[in-house]
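Notes follow the structure.
Here, each number is a calculation from the coordinates, and none is a lab measurement. Keep in mind it's a predicted model, so treat the numbers as computed, not measured. Counting neighbours? That spans all protein chains shown, and the Cβs are built from the backbone with ideal geometry, glycine included.
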Amino acid sequence: MATFWGPDFGELERTDPEIASVLLGELARLRGGLQLIASENLTSPAVLAALGSTLTNKYADGYPDRRFYPGCAEVDRAESLAIERAMALFGAGHANLQPHSGTSANLAAYAALVQPGDTVLAMDLPHGGHFTHGSKVNFSGRWYGTVGYHVREDTETIDYDEVRDLALAHRPKMIICGATAYPRLIDFGAFRDIADEVGAYLMVDAAHIIGLVAGGAVPSPVPYADVVCATTHKVLRGPRGGMILCRAELAERIDKAVFPFTQGGPLMHVIAAKAVALHEAARPEFRRYAHQVVANGRALAAALAAEGMRPVSGGTDTHLALLDLRDLGVTGAEAEQRCAAARILLNKTAIPYDPRKPAFASGIRVGTPSVTTQGMREPEMREIAGLVGRAVRAVSGAPALAELAEEIGTLVAKFSAYPT
Ligand code: DSN
């Protein structure tokens with residue numbers, strides 16, 4: 001093995017036992033529970049090695065071969081590989097791997113494509129959108145004139161007629177599609193047609209689905225969008241961070257919008273880890289993984305339906321499902337709390353046209369990226385649905401939930417996250 005000055009846990013335990021105990025506690029938490037938060041995953045040891053490397057030391061403002069600091073030859077190689085791998089994997093004309101997060105990527109896309117005050121049409125937050133899609137508490141709603149579109153009340157799927165009507169009425173400069181809580185495929189071609197009809201840019205926020213796109217498990221937005229923003233840490237299973245893909249003609253505008261407009265020095269250790277994840281995502285095993293994530297998503301949604309939780313829109317085509325708990329008389333907040341006490345991590349979510357305030361919400365969101373990484377398949381999804389059902393209904397509280405936590409410990413022991 002090559003000499004690598006990498007993570008030395010013994011050194012951390014000696015110098016900072018408090019933080020060392022946090023790392024051990026978090027590992028135990030990951031190993032001991034069911035991670036059903038749809039936006040989380042379990043990175044590979046190779047990704048973690050790149051993250052815990054000396055590349056964190058380097059200032060490298062700029063881009064490969066165009067830096068504001070000397071000594072960047074090695075980090076240039078990392079970033080060039082990341083760019084090349086992203087372009088090849090997604091068939092994109094250009095890629096920028098510097099955004100620190102999905103929000104940073106979206107901020108740069110706004111900066112590249114529209115001016116403050118311009119109108120942007122995006123999915124309303126309570127219907128599955130994201131804060132950066134026009135929420136008044138976010139830069140997007142403060143600086144841009146955002147208009148929200150919705151899902152239909154009967155089908156709970158995007159109302160493309162409404163999207164077109166709003167586009168014709170408001171003539172947005174940019175249309176955003178993509179969501180954080182929408183279980184169905186999005187018709188990117190329909191959005192492209194609407195954008196073309198009103199002369200708008202089309203930005204796809206593919207943060208949730210980009211890993212499924214990489215694995216060929218859902219259609220790619222790249223051929224349709226001017227700009228695709230994404231995160232690298234969800235189904236894609238890379239380090240926490242952002243990424244932008246775009247048409248070649250927009251490369252310079254996107255790069256300038258990331259640095260120097262919205263960010264300073266890039267996180268070179270994270271970019272190297274993104275390159276590792278993209279390399280992993282190009283392998284046949286990752287294709288199998290992505291397809292299993294969707295198969296597990298479908299199996300989990302169907303089994304939760306049998307537990308009395310209504311899947312919003314009737315099911316899922318992706319890694320996530322939204323469940324309406326109103327028939328059980330339980331709020332999303334109560335379900336989240338009870339499940340967490342049983343070591344099942346999922347999050348409350350507003351369902352479309354939710355009568356409850358977001359702090360309580362009527363639904364939960366579940367996702368299969370982590371449990372699929374652990375090797376679980378459809379039979380385990382059915383078992384998990386039974387456990388979630390019991391946790392959600394556990395009005396009696398602590399004793400029942402403690403018993404469930406034991407059972408969950410037994411299940412996850414067979415599919416350990418980070419096995420020793
Ligand atoms: N926080 C992410 C999620 O949970 O979907 C989106 O930003």
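Going by C-beta contacts inside 10 Å, put 90, 415 in order with the fewest on the left.
By the 10 Å Cβ count, ascending: 415, 90.
Please list the radius of gyration and Dmax for segment 55-128, considering alpha-carbon atoms only, with Å as the unit.
15.9, 47
On full extension of the chain, what length is gained from residue 193 through residue 165, given 0.36 nm per residue of separation minus the C-alpha to C-alpha distance?
Gain on extension, residue 193 to residue 165, equals 8.8 nm.
Could you pull out which residues in segment 255-293 have an amide N less than 17 Å from a spot 7 Å beyond the Cα of residue 68, following the Cα-Cβ vector?
255-268
Rank-order 18-24, 159-165 by packing density, defined as the average count of other C-beta atoms within 10 Å over each peptide's residues, highest first.
Listed from highest to lowest mean packing, they are 159-165, 18-24.
In Å and whole numbers, how far do the C-alpha atoms of segment 347-418 stretch along each principal axis, longest first?
Taking max minus min along each principal axis of the Cα atoms, segment 347-418 gives 40, 29, 21 Å.
Return a whole-number percent for the relative contact order of segment 1-87, with Cα pairs under 8 Å and 6 or more residues apart as the contact set.
RCO, segment 1-87: 22 percent.
Once you have all Cα-Cα distances for segment 185-284, histogram them in 10 Å bins from zero and send the whole-percent values.
15, 42, 34, 9, 0
Using a Cα-Cα cut-off of under 28 Å, which lysines could be cross-linked to residue 274, ignoring same-chain neighbours fewer than 8 residues away?
Of all the lysines, those that pass the test against residue 274 - Cα under 28 Å, at least 8 places apart if same chain - are 58, 234, 256.
Taking other Cβ within 10 Å of each residue's Cβ, how do 381, 87 sort, fewest first?
87, 381
Taking the Cβ-Cβ separation of residue 9 and residue 413 as r and a Förster radius of 25 Å, what is the calculated FRET efficiency to the nearest 0.05?
Rounded to the nearest 0.05, the efficiency is 0.65.
Taking H placed 1.01 Å from N in the peptide plane, check which residues at least 5 places from residue 145 or on another chain put their amide H under 5 Å from its amide H.
117, 118, 119, 120
Can you pull the one-decimal nm distance between simple spin-label points at residue 252 and residue 287, each 7 Å off the Cα toward Cβ?
3.8 nm
Taking Cα atoms of the chain, Rg/Rh with Kirkwood Rh, to two decimals?
Rg/Rh for the chain comes to 0.97.
So for 120, 228, fewest C-beta neighbours within 10 Å to most, what's the order?
120, 228
Using the Karplus equation 6.51 cos²θ - 1.76 cosθ + 1.60 (θ = phi - 60°), what ³J(HN,Hα) coupling, rounded to whole Hz, does each residue of segment 274-282 give in order, writing x for Gly and Pro?
4, 4, 4, 5, 5, 4, 5, 6, 7
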